[in-house]
1. Of these, A:Ile66, A:Ile20, A:Ile104, which one is more than 10 Å from chain B (Cβ to nearest Cβ), within 24 Å of A:Val150 (Cα to Cα), surrounded by 20 or more Cβ atoms within 10 Å (Cβ to Cβ) and not polar (S, T, N, Q)?
2. More than 14 Å from every other protein chain (Cβ to nearest Cβ), of a type in the set (Gly, Ala, Ser), more than 30 Å from B:Leu23 (Cβ to Cβ) and open to solvent by less than 30 Å² (accessible area, probe 1.4 Å): which single residue out of B:Ala231, B:Ala169 fits that description?
3. Report yes if B:Ser5 is touching a Phe, Trp or Tyr at 6+ places or on another chain (Cβ under 9 Å) and within 30 Å of B:Lys459 (Cβ to Cβ), otherwise no.
4. Mind checking whether some residue in segment A:121-139 is among the small types (Gly, Ala, Ser), surrounded by 16 or more Cβ atoms within 10 Å (Cβ to Cβ), in contact with a Leu (Cβ under 9 Å, 6 or more places away or on another chain) and within 12 Å of another protein chain (Cβ to nearest Cβ)?
5. Residues of segment A:140-177 being within 12 Å of chain B (Cβ to nearest Cβ), surrounded by fewer than 16 Cβ atoms within 10 Å (Cβ to Cβ) and among the hydrophobic types (A, V, I, L, M, F, W, C), which ones?
6. Which of the numbered conditions does A:Phe32 fail, given that it passes all the others? Conditions: (1) of a type outside the set (Asp, Glu); (2) more than 10 Å from every other protein chain (Cβ to nearest Cβ); (3) within 18 Å of A:Ile166 (Cβ to Cβ).
7. Quick check: is even one residue across segment B:206-227 open to solvent by less than 30 Å² (accessible area, probe 1.4 Å) and within 14 Å of chain A (Cβ to nearest Cβ)?
8. When segment A:297-338 is examined, which residues are found to be acidic (Asp, Glu), more than 17 Å from A:Asp122 (Cα to Cα) and under 25 Å from the mean Cα position of the chain (by Cα)?
Amino acid sequence: MKKTKAFVLRVIGIFLSLLILTASLVYVIDPFYLYHKPWFGFEPYLDEAVYQTAGAAKNFDYDSVILGSSMVENFNIAKFDELFGWDTIKLAYSAALMDDYSAILSQVFSTHQVKNLIFPIDNYTMIAKATDSYVPRPEYLYDENRLNDVSYLLNYDVIQRSIQVITNKINNTEPKYETSYFWNRSDFSTATVMHSYLYERTTTAWNDEESDFLVANALENVAVLGSYIEQYPDTKFYVFFPPYNVMFWDYKILMGHKDATLEMNQRIIEYFLQFDNVEIYYFMDKEDLVTDLDYYVDRGHYSPEINDYIMESIANKKHLVTKDNYQQIPQKMNEILDAYDFETVIQLWSNP
Amino acid sequence: MYFQSYVFLLLFLPVTLIGYHVLTKLFQKDMGKVYLLLMSFVFYGTFHIAYLFILLSSILFNYSIYKGLSYLHIESKKRLLFVFGLLVNISALVYFKYSNFFIDNINHLFGFSYEFLHILLPVGISFYTFMQIAFLSDVYKKKEVYQYGILEYMLYCSFFPYITSGPIALHHEIIPQFRKKETHNLDWDMLAEGIQLFAYGLGKKVLLADVFGSAVSIGFSDVWKLNSISAFVVMISYTFQIYFDFSGYTDMALGIGKMFHIKLPENFNQPYRSKTIVEFWERWHITLTRFFTKYVYIPLGGNRRGSIITYRNTAIIFLLSGLWHGANWTFVLWGFLHGCFFILTKIWIKKINKIPSILLWLTTFGFLNVTWSIFRADSISQMFSFFNRFRDFSSVEVYNKISASFGGDWQMIAYLLIALVFCLKVPEMTKLAEKKKTGFLPSLSVILILFLAVLSFAKVTTFVYFNF
């Protein structure tokens, strides 16, 4: 055979074989769970929300879902299952906006009969546009088009990850599924909160900002969840307002957004109150919690103990918002904020 | 569709290649050409279907002018038709490429607030416009009587390897090849050479240019975070990025051409080895220099009308070249500086020739680095901010995001050194591929490059939202 002909056939043959081998490896290990839950006893593990959440939502076994931002990352699903008797999956998607949640919700409800769904009413999500996403999602992991899966099957980073999964198994160093997204940090303290917040507080030029869009955006956001609430009356939805601490409110006051935020929360509550299959929990007015900055790392992110507290409260229907008690919320919030001595605390940490 | 994509490499190219060779073998040669034309339209249409209509209109318009020029015998009428054809081509180019640039400048100068037009810039419009301007000029000057059919002319204008980014192939280089009988036979030598060249080009683009490119993007988006050494790394990275990117693309185009038994003109000849800027322009984007020389510089009088006119003509070419690269004052400044340096070199060429080669090379390479940074900057003000960073000696560490984009400090140094050696010592890939080495090492390198490049088309990015 002519040398160049042999070269062409050899190159094409080996190149295609390598591609097929690689794609097969990724298909079998499937580190983003696009095709199946783990085979051969590999431990499932979630830590790349943008890439893994859709696959996990589609292919894992569960009857109940915790879906949300960093506000749900420290929920312990084993405790949930024990306390509620559910088979829970934690679909944490840090910094997700409503378009991201919408993409995950459609995967969840098109593949599973969901009994319970827990969702945080994150201020960050509510004030954004309902059509916004955190980052552009890799659509090949979300859509039904099998042709574009090539971006997954022949992807250097995915192969690396697949090999990592195998070596973890061999070395017995597989991370545990229950610890997915769980923070490995211990610096929850007033000092951490105040250092990060005071830097922002002193370097920002604070002006009263436009706040008309808050309610409009929030209502569009909740309507996305609302469409699932209406469509799935047998699913119980638990929505909760996370206990951001008082510095969150200081920040809102500086922006000129405090009253608009309280108003927005009321409108969100009113929206959810119309559904029989929704329970609403409000933790922002749990005074001993939101004024104790030792539970936090910044003005919003709290320690796993608070996640446990939220879980137990939901189990005991504590902090449940009803048609009878929701109108007192703004007044109570204002009382907490009026009573808190912002000036002294800020002064104290400004001059350590 | 880009060459460096799954859909091109794993679907479009094999389907087009196999289809072309099967059709030309089984049927008459025109079937192959029709198929290649259709596939070229598919390739170009994937960018935007509207682009395809603009391309078709341009082709049909120019073909009509060509037919008119061939038909007319009265010189004045011919001239009128030629000028009309030229004006329409240039107007279309100016409209699509520069409308918003003019609006922006008028707004700035006179304080108006005209809204920008929502014009899509069709990919490759300047390439196929230049190719056709060259063609009309040749027809008008009547050096030869060309007898081009519409099918081969359409294929010449839209042949997918060069439609988006060149090389600017001339009609008399390409159309005769479409006609040659042997072009329609599957030639294993050409195919082997084409695959090698394509792989090397893809490797340059994906494994080198894109690595430097990510450092450059970080540098130019975080200009204020750069210290002197980081700005230097960004500057030299861009010099490498633009060469590996553009020459890699050209290698791929030439390689694909060879797979179809079509030889395309070369565009690069180790440009960073140049000792003077004059030499650089003989080695960089050769087909563009050729176009400007043959169809602008010489018609303006070239160097036949005294040194002042020669320098004026040179200046015009460089300003045009600057504007051609994009509608931004940074490109104009880039062209202006290159023009000045070029003219000064020409004036002092005798004295310059006495300077040691290493000094000449250092000066030229330094000049190129500085002017590429101007070329890369988003605006004149960003350019000033960028050059200002060279005065920041607050630390000697490279901005961590930049070194991380290479994989670390040592990897960064390795990449920069390898790139420098590559540019200075390794011959152009076309020369390597021409040798048609088919042994173990070339096979292995081609397979590895193709494989690694394909795996790099998509990336998984870890998004760090909270920087705890």
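1. A:Ile104
2. Sole residue among the options that is more than 14 Å from every other protein chain (Cβ to nearest Cβ), of a type in the set (Gly, Ala, Ser), more than 30 Å from B:Leu23 (Cβ to Cβ) and open to solvent by less than 30 Å² (accessible area, probe 1.4 Å): B:Ala231.
3. It is true that B:Ser5 is touching a Phe, Trp or Tyr at 6+ places or on another chain (Cβ under 9 Å) and within 30 Å of B:Lys459 (Cβ to Cβ).
4. The answer is yes, given that some residue of segment A:121-139 is among the small types (Gly, Ala, Ser), surrounded by 16 or more Cβ atoms within 10 Å (Cβ to Cβ), in contact with a Leu (Cβ under 9 Å, 6 or more places away or on another chain) and within 12 Å of another protein chain (Cβ to nearest Cβ).
5. A:Leu147
6. Against the list (1) of a type outside the set (Asp, Glu); (2) more than 10 Å from every other protein chain (Cβ to nearest Cβ); (3) within 18 Å of A:Ile166 (Cβ to Cβ), A:Phe32 comes up short only on (2).
7. yes
8. Residues satisfying the conditions are A:Glu305, A:Asp308, A:Glu312.
The values are calculated or read from the model by the stated rules, or taken from the named source; none is laboratory data. None of the values given here were measured: they were computed from a predicted structure. For neighbour counting, all protein chains shown are included, and Cβ atoms are generated from backbone atoms with ideal geometry for every residue, glycine included. Heads up: the accessible areas ignore ligands, DNA and RNA and are worked out on the full protein's heavy atoms, side chains in. Shrake-Rupley method; radii C 1.70, N 1.55, O 1.52, S 1.80 Å.
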